[in-house]
Amino acid sequence: MKTLLAHTKEINEQLARYGVKFGIYKEGRFNERLFPFDPVPRQIPEKDFEVLEKGLIQRVTALNKFIYDIYHDKKIVRDNVVPEEFVYRSPGYLAQCEGITPSKNVYSHISGIDLVIGKDGVWYILEDNLRIPSGASYPLIARTLCRRCSPDTFKRHRVRDNRNYGALLKRTMDYVNTGGINVIFTPGRYNAAYFEHSYLAEQAGAVLAESSDLFVEDQTLYYHTGRDPVRVGALYRRVSDEYMDPLCFEPSSLIGIPNLMEAYRAGNVAVINAPGNGVADDKGIYYFVPKMISYYLGEEAILKNAPTYLPYYEEDRKYTLDNIDKLVIKDVAEAGGYGVVFGENLTQEQREDLKNTIKNAPRRFIAQEVIDFQDLPILENGETVERKADLRAFVLSGEDVQVWPSGLTRFSRNPDSFVVNSSQGGGFKDTWIVCQ
Amino acid sequence: MHRELSFYFDTVLNFSGPVTEHNFLLRCIPADTPEQKILSYTLTVFPDASAARIGKDSFGNFVRAGRVAEAHDSFRYTLQGMAYRDDSLRVPEEAAPFYRYASPLTQPTPELAEFFAAQSAAGWCAAQQQAQQFSENNVPALNALEKAKILCAKVHEHFTYTPGETNVMTTAGEAFAAAKGVCQDYAHVLIALCRMAGIPSRYVSGLFTGEGASHAWVEIWMGGLWYGIDPTHDCPADEKYLKLCVGRDYADCPIERGVFSGWAEQTQNVFTKVTD
């Protein structure tokens, strides 16, 4: 391990050279920032990972069934398990997707499930990301570089190889492919995750394309080659739903593919992940995931949600208002670490304001107990310090549902912060699944 | 009363210079339902774009997608045909739940909420009292259609029909605040109000008897049936109306939407003619 740690600087330099950067828009400006890598890996014993694996497969299986149900029969709403307005007022619900059945019935091909481990050793689900979760490429390339700098470390520690992510991705794409090539569709160079798009294309043997490289004719998606266009059978699009097709969604989008939805609706192309998935990873819907698991699978949820209250329900609202100083309040419409407020950090006045906002628009918020999660050691200027960290596990759904034996561990560099999102300035670690 | 409608709908887009890679999506093929049987129709598109496969969108509308890759400086589509309209032939159907919730262009605003509160309280009360005068028994509460008609009259009264003040992105709240607009704005405001009243409602794009441009109105759902009401004219949208497509609001069902490459100004000429 020592050799590995001694190479921190080199690894970070290599990452910078490969373009492992994180772009963010702030005040209308695009800034690129390096995504700092901490070489001390998060280690998860294989037997613990097996439990995680089972729980994640169960969760993603239920979420896939939920999305199908919402855009078809809506049984879970009719049976009053999920209140109707949580579905239809969710910004992620897209009426334009009603009745569409994607290839092989898979909606969330690549799910990024965020978890934390409590001081009690219990894993808690923080949120599900079923739209276009990013991040797998970071530990993937970091592992490759670490192995190069310090091959002995990986002889001494029995770590599950994570370099099969590209193969897993290819398998997922091939399974839903409707006939044609696999394409990774990027909004382009100025996207926050452009490095990832290009790296994954290389790893999965897919073509990296922008909107001008693709077109739809006769309900079929094609890739311009300069000679005869080639049909596209699976499109891993890294463009969000609203910008994906200017003739169906946001008309001003210049990064979309016109009539992509027509090709998708006709079943002539697999779109990865399916548009409309946002209805299932909404912070308001999160509360209902354990209920979905029992509703669709008849099983108890293996992995726990963080204790969550829905001010929508009177009892929960009362609890939230009475205990606001010890809860974290999340605005269901926000993502990326925005719209998250810790009650204890508020002034008396702000607290009262928030209470009133919750009273007036209870459906807009969820409240959660602050989980006392385990800190992880990180290296800072040669010293080891403890910081908050989470884990994004990647779950791939194709012929079967599989969990990538690794994951993205993000940590907060600010000792007082619980927010680990990359857009909020955090760093990352490799995640080792260690065989005993 | 049943009618046989003959319809003609012609749209020409002229571009100030050549455009390429023109992708479009048309929703001009009329709905074919028991109360609106399409006896015959033809749709011609020029320049003719690829194979014409007709699909259906998530709102049940016919869609005709296409792409013209080559340079062109005008685009035209022409629809003509015959329809048999008879609202007594409607068959009950369920209203999709999303027709009960505010959509992007029909989000409530404080002004709309205030207007709704005032109109619903006063308007419904007045209607009730009026009915009570002629009856010895207790008059039943107003049904959804009666409420919608009251709201329709109020919307009609609130607006001054003014072309050019609003555009296709104008929300119900913005149009309401300006109190000026066209059929689309009247429809959006009425839809917003009906949904506040818990009445499922939807936006309709279509044509109506006479010559001119395309039109928009509202359908509300009650007891399994959709009822057309036209806030621009404050009247029922009956058999004189020909429905092309529906959605939660305009953005779900524009009759024509297109994108192209090229620096060109676009002008549009629409001519419609419906006769019975």
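The values are calculated or read from the model by the stated rules, or taken from the named source; none is laboratory data. Quick caveat, the model's predicted, so the values are computed rather than measured. Positions of Cβ are backbone-derived with ideal geometry, glycine not excepted, and every protein chain shown enters the neighbour counts. Areas reflect the complete protein model, heavy atoms only, side chains present, ligands, DNA and RNA absent. Shrake-Rupley method; radii C 1.70, N 1.55, O 1.52, S 1.80 Å.
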What percent of all Cα-Cα pairs in segment A:207-302 falls in each 5 Å bin, counting up from 0? 2, 13, 19, 20, 13, 9, 9, 8, 5, 2, 1
So how tilted is helix B:110-133 from the main axis of chain B? Cα-based, degrees 0 to 90, rounded to 10. 50 degrees
I want to verify a result. In a Gaussian network model of chain B, Cα cutoff 10 Å, which of these has the top mean-square fluctuation: B:R27, B:R90, B:R64? B:R90
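Percent relative contact order of segment A:308-369, based on C-alpha pairs within less than 8 angstrom and at least six residues apart? Please report the intermediate quantities before stating the final value.
Working: 87 pairs, mean separation 30.0, N = 62.
Result for segment A:308-369 is 48 percent.
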In degrees, nearest 10, range 0 to 90: what is the angle between the Cα axis of helix B:183-196 and the longest Cα principal axis of chain B? 40 degrees
Mean-square fluctuation maximum in Gaussian network of chain A, Cα pairs under 10 Å, restricted to A:N129, A:N64, A:N80, hits A:N80
Just from its helices, what would the mean residue ellipticity at 222 nm be for the protein assembly as shown, if runs of 4 or more DSSP H residues each count -39500 (n - 2.57) and the sum is divided by every residue, rounded to the nearest 500 deg cm²/dmol? -8000 deg cm²/dmol
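Taking a temperature of 20 °C and a viscosity of 1.002 mPa s, what whole-number D in µm²/s does Stokes-Einstein yield for chain B with Rh from Kirkwood over alpha carbon pairs?
Working: Rh = 19.8 Å.
The calculation lands on 108 µm²/s.
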Stretch B:T42-B:A113 to full length: gain in nm at 0.36 nm per residue minus the Cα-Cα span? 21.2 nm
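Per residue, how big is the convex hull of segment A:160-226 when only Cα atoms are used? Give it in Å³.
Spelled out: Cα convex hull of segment A:160-226, divided by residues, is 102 Å³.
Residue separation times 0.36 nm, minus the C-alpha to C-alpha distance between B:W263 and B:A178: what's the value?
Values: separation 85, 0.36 × 85 = 30.60 nm, distance 3.22 nm.
This chain segment gains 27.4 nm when fully extended.
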Using all C-alpha to C-alpha distances in the protein assembly as shown, build P(r) with 20 Å bins and read off the rounded percent in each one. 16, 45, 31, 8, 0
How would you classify segment B:94-151 from its alpha-carbon gyration tensor, with a ≥ b ≥ c the square roots of the eigenvalues: rounded for a/c under 1.5, else prolate if a/b is greater than b/c, otherwise oblate? oblate
Taking the Cβ-Cβ separation of B:A126 and B:T160 as r and a Förster radius of 22 Å, what is the calculated FRET efficiency to the nearest 0.05? 0.40
For segment A:61-217 (alpha-carbon point model, no solvent) the Debye-based log₁₀ I(q)/I(0) at q = 0.13, 0.18 Å⁻¹ works out to -0.86, -1.32
Specify the inter-centroid distance of segment B:215-245 and segment B:96-132, based on alpha-carbon positions, in whole Å. 17 Å
Where A meets B: accessible area buried, both sides, 1.4 Å probe, Å²: 2300 Å²
Amide H contacts under 5 Å for B:L244, restricted to residues at least 5 apart in sequence or on another chain and with H modeled in the peptide plane, are B:A31, B:S205, B:G206, B:L207
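At a 1.4 Å probe radius, carbon and sulfur cover how many percent of the accessible area of the protein assembly as shown?
Numbers: 14800 of 30180 Å².
Looking at the protein assembly as shown in its full context, I get 49 percent from C and S.
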Rounded to a whole number, the Stokes-Einstein D of segment B:97-252 in µm²/s (Kirkwood radius over Cα pairs; 37 °C; 0.692 mPa s) is 210 µm²/s
Residues of chain A: accessible area per residue with a 1.4 Å probe, Å²: 41 Å²
For chain B, take the longest principal axis of its alpha carbons; what is the angle in degrees between that and the long axis of helix B:144-158, to the nearest 10 within 0 to 90? 70 degrees
Expressed in angstrom and ordered largest first, the alpha-carbon extents of segment A:308-369 along the principal axes are 27, 25, 21
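Output the relative contact order of chain B, whole-number percent, from Cα pairs under 8 angstrom with separation of 6+ residues. Don't jump to the answer; show the numbers that get you there.
Numbers: 624 pairs, mean separation 81.6, N = 276.
It rounds to 30 percent for chain B.
When you look at the Cβ of every residue in A:219-230, what mean number of other chain Cβ atoms sits within 10 Å?
Working: counts 5, 3, 0, 0, 0, 0, 0, 0, 0, 0, 0, 0.
Per-residue shielding by partner chains comes out at 1.
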Give the accessible area for A:T308 in Å² (nearest 10); use a 1.4 Å probe, count only protein heavy atoms, and leave out ligands, DNA and RNA. 20 Å²
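Give, in nm to one decimal, the length gained when the segment between A:Q350 and A:N31 is fully stretched (0.36 nm per residue of separation minus the Cα-Cα distance). Intermediate results must be reported in sequence, preceding the final value.
Working: separation 319, 0.36 × 319 = 114.84 nm, distance 3.12 nm.
Gain on stretching A:Q350 to A:N31: 111.7 nm.
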Give the list, by residue number, of cysteines in chain B with no other Cys Cβ closer than 4.7 Å, or say none. B:C28, B:C125, B:C152, B:C183, B:C194, B:C235
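For segment A:330-417, what class follows from the C-alpha gyration tensor (a ≥ b ≥ c being the square roots of its eigenvalues): rounded when a/c is under 1.5, otherwise prolate if a/b is larger than b/c, else oblate?
On the way: a/c = 3.43, a/b = 1.32, b/c = 2.61.
Cα axes put segment A:330-417 in the oblate bin.
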What spacing in nm lies between the two simple spin-label points modelled at A:S294 and A:D174, each 7 Å away from Cα in the Cβ direction? 4.1 nm
Report the accessible area of A:R147, computed with a 1.4 Å probe over the heavy atoms of all protein chains in place, in Å² rounded to the nearest 10. 70 Å²
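Quick check on packing: order A:4-10, B:220-226, B:247-253, A:391-397 by the mean number of other C-beta atoms within 10 Å, highest mean leading.
Numbers: A:4-10: 15.3, B:220-226: 17.7, B:247-253: 23.0, A:391-397: 25.1.
Packing order, densest peptide first, comes out as A:391-397, B:247-253, B:220-226, A:4-10.
Evaluate the relative contact order of segment B:97-252 (contact order divided by residue number), counting alpha-carbon pairs under 8 angstrom at least 6 apart; express in whole percent. Please report the intermediate quantities before stating the final value.
Numbers: 277 pairs, mean separation 41.1, N = 156.
Worked out over segment B:97-252, it gives 26 percent.
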Fluctuation leader among A:P229, A:P36, A:P377 - chain A, Gaussian network, Cα springs under 10 angstrom: A:P229
Residues of type aspartates and glutamates that A:K2 reaches as a straight line, Cα spacing below 18 Å, ignoring anything fewer than 8 places off in the same chain: A:E10, A:D38, A:D152, A:E380, A:E383, A:D430
At least 50 Å² accessible surface lost relative to isolated chain, residues of segment B:51-72 (1.4 Å probe): B:R53, B:S58, B:R67
Alpha-carbon centroids, segment B:185-202 and segment B:31-74: separation in whole Å: 28 Å
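Counting only other chains, and only Cβ atoms inside 10 Å, what mean value do you get across the residues of A:251-262?
Details: counts 7, 2, 1, 1, 0, 1, 1, 11, 9, 1, 6, 9.
That works out to 4 on average.
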Based on alpha-carbon centroids, what's the gap between segment A:113-176 and segment A:352-400 in Å, whole number please? 19 Å
Need one value: the accessible area of B:Y84 in square angstrom, 1.4 angstrom probe, rounded to the nearest 10. 70 Å²
